[in-house]
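The structure appears below as structure tokens.
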Amino acid sequence: MFRTNLFICGLVILCSSSWVYCHEGGCGDRLAIPGGTMQEGYCSFKYTEVADARSLAQDSEGNILVIERGTGSLVLLYPPPSADQTLKDVQKVVLIQGLGLNHSILIDESERALASGGPYVFVSSEDTVYRYTYNPQEKRAESQHVVVKNIPRGGHSTRSLALDDQGRLYVATGSLGNVDPTPVRSNLKRISQEAIEAGDNDWDTLEMFASGLRNEVGLGFDSRGVLWGVENGADQLIRDDIGGDIHNDNPCEEINQFTSAGKFYGYPYCFSEGILDNGFGKGKMTQWAWPATFPEASFTDEDCRNEELVKRPAYCLPAHWAPLGFAFQPPSGDDVEFPFPSDGEGDMIVFSHGSWNRNPPSGYAVARVKFDMYVAVTRSGDSFDMISSLTDPLHSSCPVRPECQQAMTTN
């Protein structure tokens, strides 16, 4: 069995797969990101044998599971990369295919899962969430179990997943269009452990945990068991009374904290301020009404700022970064081969897909948001560092948008 002590952030570029890991020493012969930068204390390497890689997860044996969106499959890579191995040592096994898998992976090796026949691996397609019995030693996934069915298709097609310590599953769906007439599509639902075991749960019957989330592509729990999400905001924002075409820097990309059920987070009626010039701005994360007429509700700026009606984000990244995944950097000082930079304990590492309609383009990056994992709030509302970024997002060696996905740590 191979074990590594790496931070693998899954900086996935469409024409290849890359991982970034933390290493206090030199990077050796690791491959540099073409046209990009890497913060000191982190290294990168590239593995090219994955077809349009999406999410990553790692099991207790050190195997790395990857969603191959290009084939709709779940594949397993082994042994995991380490300082004394080369990419030639990595082998690939197809675990699940033929289901149109396109985004999320969850591995459940908890005592609760083992007691009920696990370990398990959860995966998602556009309209279904599946669970398989998973054997990491034998590298097999079998006994398909449909957890959720009849999720609405179309629009934003990823179905993000998270699992809490009570065995409850959270599933997020995004909007049908840029700005929908209602928030009915854009929400986060929760499924009890009993309902998971029963299976075949229809989407419309599930508990509504949070609503008004345009496209919560990344979900995850911090060390205190608090659920967080990263959201992709709307495009083409024009509002004549506060500057006209303000889409270049608005809305900001939200990082949301989910501390209780039943909250509304604003979409499509409200947006979060990024940068407003010409004296109109009231500060990052200020809530404003979206400039449209909606059939079922009418929100003013004052309504959007009423925290009894709308929960504002915990933090905002720059507009159009399109964050797709994150992880919290673990405490420093652990007995690991590749220790983390000591100043980043508890920070949120966010992986961003990058803009498509901003001039100049931005957000092709892995960023470290200043966080406090012990109180689950950001240290500063305007503080993040770049771990890695493409300085030339349209670099000729990979002329497509990078996809920065999930994260993991091993010990």
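The values are calculated or read from the model by the stated rules, or taken from the named source; none is laboratory data. All figures in this text were calculated on a predicted structure; none of them were measured in a lab. Positions of Cβ are backbone-derived with ideal geometry, glycine not excepted, and every protein chain shown enters the neighbour counts.
Values as computed for the structure displayed
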| read-out | value |
| --- | --- |
| Hits in region 182-218 (condition: part of a loop (DSSP other than H, G, I, E, B), under 23 Å from the mean Cα position of the chain (by Cα) and not hydrophobic (A, V, I, L, M, F, W, C)) | PRO183, ARG185, SER186, SER192, GLY212, ARG214, ASN215 |
| Answer residue from region 175-190, given it is surrounded by 18 or more Cβ atoms within 10 Å (Cβ to Cβ) and hydrophobic (A, V, I, L, M, F, W, C) and is farthest from TYR269 (Cα to Cα) among those | LEU188 |
| Unique match (being among the polar types (S, T, N, Q) and under 21 Å from SER298 (Cβ atoms)) among SER260, SER223, SER192, SER211 | SER211 |
| Count of region 261-298 residues which are out of contact with any strand residue (DSSP E or B) (no Cβ under 8 Å at 6 or more places or on another chain) and farther than 21 Å from GLY174 by Cα | 10 |
| In region 110-138, residue nearest to the chain's Cα centre (by Cα) [restricted to those that are of a type in the set (D, E, K, R) and more than 20 Å from SER192 (Cβ to Cβ)] | GLU126 |
| Residue list for region 155-207, filter: among the polar types (S, T, N, Q) and free of Cβ contacts under 8 Å to residues at least 40 places away in the same chain | GLN166, THR173, ASN187, SER192, THR205 |
| Residue count, region 219-265 (criterion: of a type in the set (A, V, I, L, M, F, W, C), part of a loop (DSSP other than H, G, I, E, B) and more than 28 Å from LYS149 (Cα to Cα)) | 3 |
| Matching option when the condition is of a type outside the set (A, V, I, L, M, F, W, C), in contact with a Phe, Trp or Tyr (Cβ under 7 Å, 6 or more places away or on another chain) and more than 23 Å from HIS156 (Cα to Cα), among SER298, SER223 | SER223 |
| Filter result for ALA289 (at pLDDT 95 or above, more than 22 Å from the chain's Cα centre (by Cα) and either surrounded by 16 or more Cβ atoms within 10 Å (Cβ to Cβ) or more than 18 Å from ALA322 (Cβ to Cβ) (or both)) | yes |
| Residue in region 198-214 that is modelled with pLDDT of 95 or more, farther than 18 Å from LEU169 by Cβ and aromatic (Phe, Trp, Tyr) present | no |
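For every residue, the table says whether it meets (1) at pLDDT below 90; (2) over 30 Å from TYR269 (Cβ atoms); (3) charged (D, E, K, R).
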position: ALA314; (1), (2), (3): no, no, no
position: PRO331; (1), (2), (3): yes, yes, no
position: ASP335; (1), (2), (3): yes, yes, yes
position: PHE340; (1), (2), (3): yes, yes, no
